[in-house]
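Colleague: Before we start, here is the structure in question, set down as structure tokens.
The values are calculated or read from the model by the stated rules, or taken from the named source; none is laboratory data. Since the structure is predicted, the reported quantities are computational estimates derived from the model, not experimental observations. Glycine also receives a Cβ, built like all others from the backbone with ideal geometry; neighbour counts cover every protein chain displayed.
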């Protein structure tokens, strides 16, 4: 038994040092090299912080583009999904309420034209992006509420579209906060 205790204690101490000190320091060092230095990318205008690039925000005003719904009401301190599956009756009631609300504000479209992301919450509850299709389906509402031509809004969507990573990975997407900031800057 004595032959096993000393090596196991050495291994335990080595793993404690590795997992509790060296690895966290390595990850913190890598985070410092990312945009925002590991603190997130702050979007500000005229010295006023408008939000963070990678955290979704709640937009409910009809004159703005809406982002994906949040299971945590956009509270970054409690990031999580609802953990309710597509057959859960409570979840289906929530999704149907979102569909009904979307249809009220977008009377010219059918239920089948609503992108799924506009009525289902993301896994984190904080998704800052929507697809190009999700932005385009909102153009008529925003054009009406802001008295702006749909052509200008479609050009704005094209300008704010982030392309596929390395031309291969992931879909095209639009950061809703950045899009709404540019929308407010239109004259």
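Colleague: As an exercise: evaluate residue 17 against (1) surrounded by 10 or more Cβ atoms within 10 Å (Cβ to Cβ); (2) more than 20 Å from residue 138 (Cβ to Cβ); (3) in the same structural domain as residue 150 (by TED's automatic domain parsing); (4) free of Cβ contacts under 8 Å to residues at least 12 places away in the same chain and give the number of the one condition it does not meet.
Modeller: Every listed condition holds for residue 17 apart from (3).
Colleague: Name the residue, out of 124, 112, 82, that is under 21 Å from residue 171 (Cα atoms) and either touching a residue at least 12 places away in the same chain (Cβ under 8 Å) or assigned to a loop (DSSP other than H, G, I, E, B) (or both).
Modeller: From the options 124, 112, 82, the qualifying one is 124.
Colleague: Could you please let me know if residue 73 is closer than 25 Å to residue 142 by Cα, in the same structural domain as residue 180 (by TED's automatic domain parsing) and assigned to a helix (DSSP H, G or I)?
Modeller: No; evaluated as a whole, the condition is false for this residue.
Colleague: Can you name every residue in the stretch 58-70 that is buried (at least 17 other Cβ atoms within 10 Å of the Cβ) and either touching a helix residue (DSSP H, G or I) at 6+ places or on another chain (Cβ under 9 Å) or at pLDDT below 80 (or both)? Can you show your working first?
Modeller: Quick first cut of the stretch 58-70, residues buried (at least 17 other Cβ atoms within 10 Å of the Cβ) only: 64-70.
Listed by number, the residues that qualify are 64, 65, 66, 67, 68, 69.
Colleague: If you don't mind, there's one more thing I want to ask. Of all the residues that make up the stretch 71-89, how many are modelled with pLDDT under 85 and either closer than 14 Å to residue 55 by Cα or surrounded by 10 or more Cβ atoms within 10 Å (Cβ to Cβ) (or both)?
Modeller: Within the stretch 71-89, the first condition is being modelled with pLDDT under 85, and the residues that meet it are 71-86.
Of the ones still in play, those that are also either closer than 14 Å to residue 55 by Cα or surrounded by 10 or more Cβ atoms within 10 Å (Cβ to Cβ) (or both) are 71-82, 84.
Total satisfying the criteria: 13.
Colleague: Select from the stretch 127-146 the residues that are modelled with pLDDT under 95, more than 16 Å from residue 182 (Cα to Cα) and assigned to a loop (DSSP other than H, G, I, E, B) and write down the one among them that is nearest to the chain's Cα centre (by Cα).
Modeller: Here the residue is 127.
Colleague: Can you say whether residue 6 is at pLDDT 90 or above and assigned to a helix (DSSP H, G or I), as far as the supplied structure shows?
Modeller: Here the answer is no, as residue 6 does not meet what is asked.
Colleague: Here's a follow-up. Could you grab me the full set of residues in the stretch 21-51 that are touching a helix residue (DSSP H, G or I) at 6+ places or on another chain (Cβ under 8 Å), surrounded by 11 or more Cβ atoms within 10 Å (Cβ to Cβ) and either assigned to a helix (DSSP H, G or I) or free of Cβ contacts under 8 Å to residues at least 40 places away in the same chain (or both)?
Modeller: Result: 38, single match.
Colleague: Next question, about the same structure. Which residue, of 137, 93, 119, is touching a helix residue (DSSP H, G or I) at 6+ places or on another chain (Cβ under 6 Å) and either surrounded by 12 or more Cβ atoms within 10 Å (Cβ to Cβ) or free of Cβ contacts under 8 Å to residues at least 40 places away in the same chain (or both)?
Modeller: Matching residue, one of 137, 93, 119: 119.
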